[in-house]
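Values in this text are rule-based calculations from the coordinates and carry no lab data. This structure is a prediction, so every number in the text was calculated from the model and none was measured. Here the Cβ positions follow ideal geometry from the backbone for every residue, glycine too, while neighbour counts run over all protein chains shown.
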Amino acid sequence: MPKMTGGPAKWIGAGMTTAGKDDIKHMTPKQRARYRREGFSWSDIKKIDQAIGKGEKSVTLASATRTVTITFR
């Protein structure tokens, strides 16, 4: 049976469901890695990145278990 894909298979890391590193434009890789180590999901990191891009001073992330407010410099 011939190969069905046109290129190499793309590796998908654990926890990457709706947003990925490629969607994040305004944050440096070091910042992105720090938030990931602190336990934020990719969708939360994307929301933080969008807030940075809009020039907002802070962003509040709410989930079922916690509410976090991040203030930017």
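Quick notes on this one:
- Per-residue 3J(HN,Hα) values for region 25-35, derived from phi via the Karplus relation 6.51 cos²θ - 1.76 cosθ + 1.60 with θ = phi - 60°, read 10, 9, 10, 6, x, 5, 5, 4, 5, 4, 5 Hz in sequence order (x marks Gly and Pro).
- Here each label is just a point 7 Å from Cα along the line to Cβ, and for V68 and D23 those points are 1.7 nm apart.
- Plainly put, region 21-71 has a radius of gyration that is 0.93 times its Kirkwood radius, both from alpha-carbon atoms, as the Rg/Rh ratio.
- Residue-by-residue Karplus 3J(HN,Hα) for region 55-71, coefficients 6.51, -1.76, 1.60, Hz, glycine and proline x: x, 6, 7, 7, 9, 10, 10, 10, 9, 5, 10, 7, 10, 10, 10, 10, 9
- Chymotrypsin sites (Phe, Trp or Tyr not before Pro) within region 28-73, DSSP loop, no more than 11 other Cβ atoms inside 10 Å: F72
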